[in-house]
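This report concerns only the one structure given below.
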Amino acid sequence: MKNRIFNLGTAGLFLCLFFCLGLPNPIKAEVRLSSVFRNGMVVQRDCPVPVWGWADAGEAVTVELAGQELKTTAEADGHWLVRFAPLATGDNLSLVVRGTNTITLTDLLLGDVWVCSGQSNMTMRVKDAAHAEEEIAAAVFPEMRIATVANVSKLREESDASMTAWTPVTPSTIASFSATAYYFGRELHKELKVPIGLIHTSWGGASCAAWVSESALKSYAEFRPVLEQAKDEKVPPQQKACHLYNGMLHPLMPLAIRGVIWYQGEADASHASEYEKMFPVLIQNWREAWGQGDFPFYFVQLANFKARAETPGESDWAELREAQDRTLALRRTGQAVSIDIGEANDIHPKNKQEVGRRLALLALAEEYGRDVVASGPRFHSLAVRDSEVTVTFDEVADGLKVQSADETCELSGFALAGADRRFYWAKASLASSNTIVLSAPEVECPVAVRYNWSDNPGGNLYNSAGLPAVPFRSDRWPRINER
């Protein structure tokens, strides 16, 4: 025992001399890869491929991928990074990292990687969504690979991710994976015939602010209260500003990706004015931090929820939908409208197949150049003549349609108001392939029109592609929290 104590003490003194005198560390750390790099992952095609990890400061590191070999040296903090030239073809690739030790990853596929983020509706698992049993049984897609980031809320930016291994889609792996992400990826995989990688990083109840970096929020004076609120111990971890960005997003950067899908907003439904400013900041923040340009960012507009209103009025959920819609001013963004597939008594509607399909339509049309209709009718303009209002729409495909197969049934969901700003349900009728005529006996001189402007509206206007009209209002009267 005495000899053991003496030996340990001698070893400790020996190490202390090395550190104190600035001599080279006699105990070498192993070269490590970022946890996003695992066997079986999908590597993003057609763009530079960053690979990074850690080693001893100054250590030489060699990385090989698909016939390319790159050399680098670990920085003072141990971090190293190389960027491979874009890869166009290849499967069953291997990634080899050599330093004091060797790391070999195999079964890598070349395809498209999408990051899938948000709150509980993105978190909702396949086994909890509609038609779970048959969907799980049919989930056999060996060239679709999935991985999930663990829920981590951090005050400072994390350097490495806490995430699962990459696994092929099988009945045993897909059941607990994000339903929206899976159905989105499945549509792309079937249409494009290329490997698809999905990284799921979401947390139920998460706020928008939780997914924005501290530096981005500090750039705007109006967001200072949000940063201060994050210091309150009573605030849930998934709603603390910057904390999910730090723990669940920053560690993924700068992984090469094709784009992002986003399903969030319920946690911010009563803060539309703030959300309208913050959501675009989030998108720009992610793009700048990722360093891959303006990658596509597609999001889901809030679904219908809560009791259906008997009379037209104000709605914070409608205002949040409008805030989301205005984010489309940013380039390479897209919105999947889900106003017709929500559930009055469940904030987590189970029809995630259609949500995923509509997100995939956006990607197919705008990112992959497929000839598909990706949006429902959008309000373009209105013209008032006496007591009638003619509303013109864009994105009608082959024409406006009523949800019912019987196109003579009455259109619903429209409301008119005069200068007194009091809205009344309007009688609506199709006038042409892209116009609707509205009138309301209570409104002799209409000045404003709204459609599906409530928590849980019942409008039934679609285009010929079967996509619902985007909720809208023609007025710009103050929001609920602006009065």
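The values are calculated or read from the model by the stated rules, or taken from the named source; none is laboratory data. Please read these numbers as outputs of a predicted model, since none were measured by experiment. Neighbour counts are summed over all protein chains in view; Cβ atoms, including those assigned to glycine, are modelled from backbone coordinates with ideal geometry. Each accessible area value is taken on the protein alone, full model and side chains, heavy atoms only, with ligands, DNA and RNA left out. Shrake-Rupley method; radii C 1.70, N 1.55, O 1.52, S 1.80 Å.
A DSSP coil position with no more than 13 other Cβ atoms inside 10 Å describes the following GluC sites (Glu not before Pro) in region 216-300: GLU233. I'd like the distance separating the alpha-carbon centroids of region 46-79 and region 391-450, in whole Å. Result: 60 Å between the Cα centres. Under the combined filter of DSSP loop state and at most 13 neighbouring Cβ atoms within 10 Å, region 305-405 retains these GluC sites (Glu not before Pro): GLU310. The residues of region 274-417 have, on average, 43 Å² of accessible surface per residue, using a 1.4 Å probe with all protein chains present. The calculated FRET efficiency for the pair ASP475 and ARG370, based on their C-beta separation and a Förster distance of 51 Å, comes to about 0.90. Residue-normalised convex hull volume from the C-alpha trace of region 211-348: 129 Å³ per residue. Neighbours of VAL96, meaning other residues whose beta-carbon lies under 10 angstrom from its beta-carbon, give a summed charge of -1 when Lys and Arg score +1 and Asp and Glu score -1.
For semi-axes √(5λ) of the Cα gyration tensor in Å, the value calculated from this model appears in [x] 60, 28, 17; [y] 50, 25, 19; [z] 41, 28, 23 under label [y]. Of the trypsin sites (Lys or Arg not before Pro) found in region 212-310, those in coil by DSSP whose Cβ has at most 13 other Cβ atoms within 10 Å are LYS231, LYS234, ARG308. Rounded to two decimals, what is Rg over Rh for region 288-369 when you use alpha-carbon atoms and the Kirkwood radius? Rg/Rh: 1.04. Between ASP91 and ALA221, the simple spin-label model (points 7 angstrom out along Cα→Cβ) gives 5.8 nm.
Couplings for region 252-269, taken from phi via the Karplus curve 6.51 cos²θ - 1.76 cosθ + 1.60 with θ = phi - 60°, read 7, 7, x, 3, 5, 9, 8, x, 10, 10, 9, 9, 7, x, 4, 5, 10, 4 Hz in order; Gly and Pro are left as x.
For the peptides 460-469, 98-107, residues were scored by their other Cβ atoms within 10 Å and the scores averaged per peptide; the highest-first order is 460-469, 98-107. Shown here is the pair-distance distribution of region 361-483: with all Cα-Cα distances grouped in 10 Å bins from zero up to the longest one, the shares run 14, 42, 30, 12, 2 percent. Averaged over its residues, region 150-228 has an accessible area of 39 Å² per residue, based on protein heavy atoms and a 1.4 Å probe.
Label-to-label distance for THR392 and ARG332 is 3.2 nm, based on points extended 7 Å past Cα in the beta-carbon direction. Of the accessible area of region 254-307, computed with a 1.4 Å probe over protein heavy atoms only, carbon and sulfur atoms account for 47 percent.
Ignoring lysines fewer than eight residues from LYS190 along the same chain, the ones with Cα atoms less than 20 angstrom from its Cα are LYS352. How much FRET efficiency would the formula 1/(1 + (r/R0)^6) give for ASP294 and SER159, where r is the Cβ-Cβ distance and R0 is 25 Å, rounded to 0.05? Between ASP294 and SER159 the formula returns 0.50. Here the relative contact order of the chain, from alpha carbon pairs under 8 Å that lie six or more residues apart, stands at 12 percent.
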